[in-house]
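See below for the structure under consideration.
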Amino acid sequence: MRWKSGFVFALVLGCAFPAIAQDPAPQTLDQIAPEIDALFTAYQADAHVPGLVYGIVSDGKLAYVKAAGVQDIDAKRPVTPDTRFRIASMTKAFTALAVLQLRDEGRLGLDDLAEKYVPEMQGWTYPTADSPRIRVRDLLHHVGGLVTDDPWGDRQQLLAHEDFAKMIAAGVPFSRVPQSSHEYSNFGYALLGRIVTAASGMSYNDYVQSRILTPLGMTATTFEVGAVPRERLAVGYRWENERWSAEPEMRDGAFGAMGGLVTTADDYARWVAFLLSAWPPRDDADTGPVKRATVREMAQGLNFTSSVNRIGSSGQTACKQSLAYGMGWRVAQDCDLGLTLAHGGGYPGYGSHVMLMPDRGTGVFALANRTYAGPSAPAWDTAVAMEKAGLLPPRAVPVSPAVADAFAATRAAYAAGTLAPLEGRLAMNFLLDRSAENWAAELAKLKDQVGECPGAEPLAPLGALSTAFRLDCERGKLDGMLLLAPTTPATMQALRLRVAP
């Protein structure tokens, strides 16, 4: 048995307690593979996608990959895990990590003004006299006040760097005051590409290639579509007038940092595995090109949150997600899947999607070769199917010695009917909040209801200083929570007990 739902602390009487449910035996990925394949097969037909590839990364490896359809309609070449697809805005996570890597090395600051690295921005006219000037951080989180520019920005891929410099120098019309709201901006991430160049002293492409892609072994990944062997390229198509037509291939240019990468399923799985390896925090040596703590920083959705439906068929019935934009990722808390990081990629000729579940060590991605046909719904539905099959157990939070000691003392106090076993372990507020006499009366009342409690379920800690617990008693069960104070040694600041409903 495991804790089926999260535990929410409320330091008042009547606080919420976890529900416990018996889990069925988990299925295997092979057993639910037909269900997953059916999701993507239906998507491919409904969205008129010539070809796609999708994969599941789990426990550091590409656990499942499947290709369908063709990469080139005329040549009838089938898609394989080695087929090169543009991933469009899924490139933004690489850009964000490059910026954070440069920050780690002291070559830029997230709170630096962007114009420090892009001097053409210095002459911009802001929308109000009290508008803050755009920081590097604002561009990462899409809170720079720039307008949403998905269709326009996608067609700037060919823009020459010198022409982009002239565009920046001419100024931009603002959609809103910077730092006042989230609004997605490709232009903003193109500016981040220039910031990477200025801070590193090398071109954005060369920096990402040498500092991120090559160390991860992503040898088939490039920013230059012209460098891809023709027989391995997924040609990008649009569906119009009941037929496919090829989109123009756009060579790499000034907007590459917002969406220029071309990759394969095998290569992209290396990226996903690297990102997921940042969880959980641990004492192991850092072996990746960027520190684990820095990767986890990308998941901090610090700006304007919203409440949204989950993507996919369960979206209307699942509980709402709390969504914010981190750094190159849309970050959401999901009732069933936990912490999720996701991003789509839409581009002339291509659509893609990736969603990570860091606390479950699993990610799902899909790449397709039809304009804006991002396979987001089947990717999320795959994750939900895996969760229902018992294949996404949350990582257990370890029980710290302090919590284990406090729990043992709590059980002794219940058995004794007094707080005596907790003497010397209570924080200064504990008896101010409730007297020892009142506690003795409460323990006696609980014993009248459920009797002695000789057994206990495994603890469900939320961190190193708190846990929910359940005691197995003679006439029922007793739910509880304990919360330790930030003292050395750790002392108990709160204890709650109630008969399990």
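Condition check for Glu162 on (1) of a type in the set (Asp, Glu); (2) modelled with pLDDT under 95; (3) part of a helix (DSSP H, G or I): one failure, at (2). Listed by position, the strands (runs of 3 or more DSSP E) contained in the range 277-365 that have at least 3 residues being crowded, with 21+ Cβ neighbours inside 10 Å and hydrophobic (A, V, I, L, M, F, W, C) are 350-357. One residue stands out among those in the range 208-225 that are assigned to a loop (DSSP other than H, G, I, E, B), touching a Lys or Arg at 6+ places or on another chain (Cβ under 9 Å) and in contact (Cβ under 8 Å) with a residue 40 or more places away in the chain: the one that is surrounded by the fewest Cβ atoms within 10 Å (Cβ to Cβ), which is Gly217. Of Ala129, Ala98, all but one fail to be closer than 20 Å to Trp271 by Cα and not β-branched (Val, Ile, Thr); the exception is Ala98. Exactly one residue among Val403, Val399 is assigned to a helix (DSSP H, G or I) and of a type in the set (Val, Ile, Thr), and that residue is Val403.
Look at the range 362-391: where a residue is within 16 Å of Ala33 (Cβ to Cβ) and a partner is in a strand (DSSP E or B) and among the charged types (D, E, K, R), sitting 6+ places away or on another chain with Cβ atoms under 9 Å, you get Ala383/Asp334. Somewhere in the range 369-376, is a residue assigned to a loop (DSSP other than H, G, I, E, B) and surrounded by fewer than 19 Cβ atoms within 10 Å (Cβ to Cβ)? Within the range 369-376, not a single residue is assigned to a loop (DSSP other than H, G, I, E, B) and surrounded by fewer than 19 Cβ atoms within 10 Å (Cβ to Cβ).
The set of residues in the range 48-67 being aliphatic (A, V, I, L, M) and part of a strand (DSSP E or B) consists of Leu52, Val53, Ile56, Val57, Leu62, Ala63, Val65, Ala67. Looking at Val172, Val235, Val177, Val228, just one residue is within 20 Å of Gly259 (Cβ to Cβ) and either in contact with a Ser or Thr (Cβ under 8 Å, 6 or more places away or on another chain) or polar (S, T, N, Q) (or both), and that residue is Val228. Only one entry of Pro151, Pro178, Pro173 meets the criterion of being more than 18 Å from Gly345 (Cα to Cα) and either surrounded by fewer than 17 Cβ atoms within 10 Å (Cβ to Cβ) or in contact with a Cys (Cβ under 7 Å, 6 or more places away or on another chain) (or both), and that entry is Pro173.
Under the condition of being more than 28 Å from the chain's Cα centre (by Cα), in contact (Cβ under 8 Å) with a residue 40 or more places away in the chain and not in a loop (DSSP other than H, G, I, E, B), the residues counted in the range 226-269 number 8.
Selection of the range 455-470 for residues being touching a residue at least 40 places away in the same chain (Cβ under 8 Å) and small (Gly, Ala, Ser) yields Ala456, Ala460, Gly463, Ala464, Ser466, Ala468.
For the range 155-197, filtering for residues that are more than 21 Å from Gln209 (Cα to Cα) and over 24 Å from the mean Cα position of the chain (by Cα) leaves 19. On the given criteria, is Gly145 of a type in the set (Gly, Ala, Ser) and surrounded by 20 or more Cβ atoms within 10 Å (Cβ to Cβ)? Yes: the conditions hold for Gly145.
Taking the condition of being modelled with pLDDT under 95 and over 38 Å from the mean Cα position of the chain (by Cα), how many residues in the range 428-478 meet it? The qualifying residues number 0. Out of curiosity, is Ser175 in contact with a Leu (Cβ under 8 Å, 6 or more places away or on another chain), in a loop (DSSP other than H, G, I, E, B), among the polar types (S, T, N, Q) and modelled with pLDDT of 95 or more? Yes: the conditions hold for Ser175.
For the range 378-394, the count of residues that are among the polar types (S, T, N, Q), outside any loop (DSSP other than H, G, I, E, B) and under 20 Å from the mean Cα position of the chain (by Cα) is at least one.
Conditions tested, residue by residue: (1) in contact (Cβ under 8 Å) with a residue 40 or more places away in the chain; (2) surrounded by fewer than 18 Cβ atoms within 10 Å (Cβ to Cβ); (3) farther than 30 Å from Asp359 by Cα.
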{"residue": "Ala404", "(1), (2), (3)": "yes, yes, no"}
{"residue": "Glu423", "(1), (2), (3)": "no, yes, yes"}
{"residue": "Phe430", "(1), (2), (3)": "yes, no, yes"}
{"residue": "Cys453", "(1), (2), (3)": "yes, no, yes"}
{"residue": "Asp472", "(1), (2), (3)": "no, yes, no"}
{"residue": "Asp479", "(1), (2), (3)": "yes, no, no"}
{"residue": "Leu484", "(1), (2), (3)": "yes, no, no"}
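The values are calculated or read from the model by the stated rules, or taken from the named source; none is laboratory data. Small disclaimer: the values here were computed from a predicted structure and weren't measured. Here Cβ is always computed from backbone atoms with ideal geometry, including for glycine, and neighbour counts include all displayed protein chains.
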